[in-house]
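Novice: Once you've had a glance at the structure underneath, I'll fire off some questions.
The values are calculated or read from the model by the stated rules, or taken from the named source; none is laboratory data. Worth saying up front: this structure is predicted, and the values here are computed from it rather than measured. For neighbour counting, all protein chains shown are included, and Cβ atoms are generated from backbone atoms with ideal geometry for every residue, glycine included. Only protein heavy atoms, including side chains, enter the accessible area calculation; ligands, DNA and RNA are left aside. Shrake-Rupley method; radii C 1.70, N 1.55, O 1.52, S 1.80 Å.
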Amino acid sequence: MSQLFTPITIGNVTARNRAWMSPMCQYSSAPLGEELGRPNDWHYVHYPTRGWGGVGAIIVESTAVSAEGRLSPYDLSIHNDDQIASFTKLAQLISATGAVPGIQLGHAGRKASGPRPWEEQTLLYPSGSEIGWKPVAPSPIAFSEVYEEPHELTEDEILGLIDSFGQAARRAAEAGFQIAELHGAHGYLIHQFLSPISNQRTDRWGRDRMLFGLEAIKAVRREFPGVVAIRLSATDWCEFTDDPRTGWTVEETRTFINRAKEIGLDFADISSGGNIPDVKIPAGPGYQVGFARELADTGVPRSAVGLITEAVQAEQVVRESADVVMLARVLLSDPYVLQAWRTRLREKPEFAQPYHRQLMRS
């Protein structure tokens, strides 16, 4: 029997299998007006399609906890109660497919107000422009020449952002999402606090670089009754390359997870990198899976992500390294790829009933 296609229960949520859809930004929301940050027809088709394809859970793309936390002006955000109804529709559409609806809650920090990937990679949306704004960060260090130097957050602003995570989680729960994943990876705000590359503060938020992320988890846990998860970059990759800088490390990730589980963390989604634009990452099939395996001793259920594109590869990951695989690009190119994977692993395909008669005919 395939381990990949067996159910899994984490906290109070059960998913039908261990092949989940990873959060992938669509940059397709309105940048201005009443529709700012809300899902629309694109999202209402994009996500349920992968649900009908058979994934166990769908983690909706990074959704900002404040309007200024969006990666680009075209990102989703869930920063006011008026947005709840549009997210409720999305959660209901996902649930109707049999997939568990999840949402990633994040803040881009110094990487906010940036360009969409298909646009010219220059500073398109500076503060003072029609749809741009000033980014914020633990320290006034720009991510790269594409981005503005961020405003250094004050104590009161930090506390306000922690509360924003909690309020966003409340809205997500009201909308019907069953998994709330904080985005603590890929160089966004929580990761910026964690890494000495981007956090050079001397106050309590610098002396304990894990504090902001832990307080954000507490705020989400107070408001969210389902699974509380976090995506983490296990390393900045300095420790595994010839980069002379001191960055965030796997050992620090282990410590963070151990501290977080004591305050209600249910699940860790293990990725890597994203906080240093010029570090050389040796990407390849399954290149991040080993980090999930190394963190098994935390006792927290974990997922692995990163160029997992084949059925046997995914099966091996859930047998040896992680509880769940997060699938990304492979689901963009083929929303129904899991049906082929089921056949490859000697499991019966499970097409939606309207497709079943034609596709299962001999």
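Novice: Scan segment 288-301 and tell me whether some residue there is more than 19 Å from GLU239 (Cβ to Cβ), part of a strand (DSSP E or B), touching a strand residue (DSSP E or B) at 6+ places or on another chain (Cβ under 6 Å) and not basic (Lys, Arg).
Specialist: No, that holds for no residue.
Novice: Any residue in segment 234-241 that is open to solvent by less than 10 Å² (accessible area, probe 1.4 Å) and in contact with a helix residue (DSSP H, G or I) (Cβ under 8 Å, 6 or more places away or on another chain)?
Specialist: yes
Novice: Can you pull out the residues in segment 337-355 that are touching a residue at least 12 places away in the same chain (Cβ under 8 Å), part of a loop (DSSP other than H, G, I, E, B) and loosely packed, with under 14 Cβ neighbours inside 10 Å?
Specialist: Hit for segment 337-355 is ARG346, nothing else.
Novice: May I pose another question? I'd like to know if segment 204-212 contains one or more residues that are open to solvent by less than 30 Å² (accessible area, probe 1.4 Å), touching a strand residue (DSSP E or B) at 6+ places or on another chain (Cβ under 6 Å) and under 28 Å from GLY290 (Cα atoms).
Specialist: No, because not a single residue in segment 204-212 is open to solvent by less than 30 Å² (accessible area, probe 1.4 Å), touching a strand residue (DSSP E or B) at 6+ places or on another chain (Cβ under 6 Å) and under 28 Å from GLY290 (Cα atoms).
Novice: Further question on the same structure: Give segment 21-36 a look and list any residue that's open to solvent by 10 Å² or more (accessible area, probe 1.4 Å) and either farther than 30 Å from PRO117 by Cβ or in a loop (DSSP other than H, G, I, E, B) (or both), or say none.
Specialist: The answer is PRO23, MET24, CYS25, GLN26, TYR27, SER28, PRO31, LEU32, GLY33, GLU34, GLU35.
Novice: Now, a different point. Among residues belonging to segment 8-20 that are touching a strand residue (DSSP E or B) at 6+ places or on another chain (Cβ under 6 Å) and outside any strand (DSSP E or B), point out the one that is nearest to THR309 (Cα to Cα).
Specialist: Filtering first and then ranking leaves ARG18.
Novice: Of (1) buried (at least 18 other Cβ atoms within 10 Å of the Cβ); (2) β-branched (Val, Ile, Thr); (3) out of contact with any His (no Cβ under 6 Å at 6 or more places or on another chain); (4) closer than 30 Å to PRO277 by Cα, ILE131 satisfies all except one. Which?
Specialist: Failed condition: (1).
Novice: Looking at VAL55, VAL60, which is the one that is of a type in the set (A, V, I, L, M) and in a loop (DSSP other than H, G, I, E, B)?
Specialist: So the residue among VAL55, VAL60 that is of a type in the set (A, V, I, L, M) and in a loop (DSSP other than H, G, I, E, B) is VAL55.
Novice: Can you tell me which residue within segment 74-128, out of those that are out of contact with any strand residue (DSSP E or B) (no Cβ under 7 Å at 6 or more places or on another chain) and charged (D, E, K, R), is most open to solvent (accessible area, probe 1.4 Å)?
Specialist: Only one residue tops the list, namely GLU120.
Novice: Of everything in segment 250-270 that's within 19 Å of ALA322 (Cα to Cα) and free of Cβ contacts under 8 Å to residues at least 40 places away in the same chain, which residue is surrounded by the most Cβ atoms within 10 Å (Cβ to Cβ)?
Specialist: ALA268
Novice: Also, I was wondering about something else. State yes or no: is LYS218 surrounded by fewer than 22 Cβ atoms within 10 Å (Cβ to Cβ), of a type in the set (Lys, Arg) and more than 18 Å from GLN167 (Cα to Cα)?
Specialist: The answer is no for LYS218.
Novice: Then there's this: In segment 158-176, which residues are in contact (Cβ under 8 Å) with a residue 24 or more places away in the chain, out of contact with any His (no Cβ under 9 Å at 6 or more places or on another chain) and open to solvent by 10 Å² or more (accessible area, probe 1.4 Å)?
Specialist: Scanning segment 158-176 gives ILE162, ASP163, ARG170, ALA173, GLU174, GLY176.
Novice: Here are ASP236, ASP208: which of them is under 18 Å from the mean Cα position of the chain (by Cα) and of a type outside the set (A, V, I, L, M, F, W, C)?
Specialist: So the residue among ASP236, ASP208 that is under 18 Å from the mean Cα position of the chain (by Cα) and of a type outside the set (A, V, I, L, M, F, W, C) is ASP236.
Novice: Next question. Would you check if there is a residue in segment 49-61 being aromatic (Phe, Trp, Tyr), closer than 30 Å to ALA314 by Cα and open to solvent by 30 Å² or more (accessible area, probe 1.4 Å)?
Specialist: Yes.
Novice: Pick out the one residue from GLY273, GLY247, GLY284 that is within 29 Å of VAL312 (Cα to Cα), small (Gly, Ala, Ser), open to solvent by less than 10 Å² (accessible area, probe 1.4 Å) and in a loop (DSSP other than H, G, I, E, B).
Specialist: None of the other options fit; the residue is GLY273.
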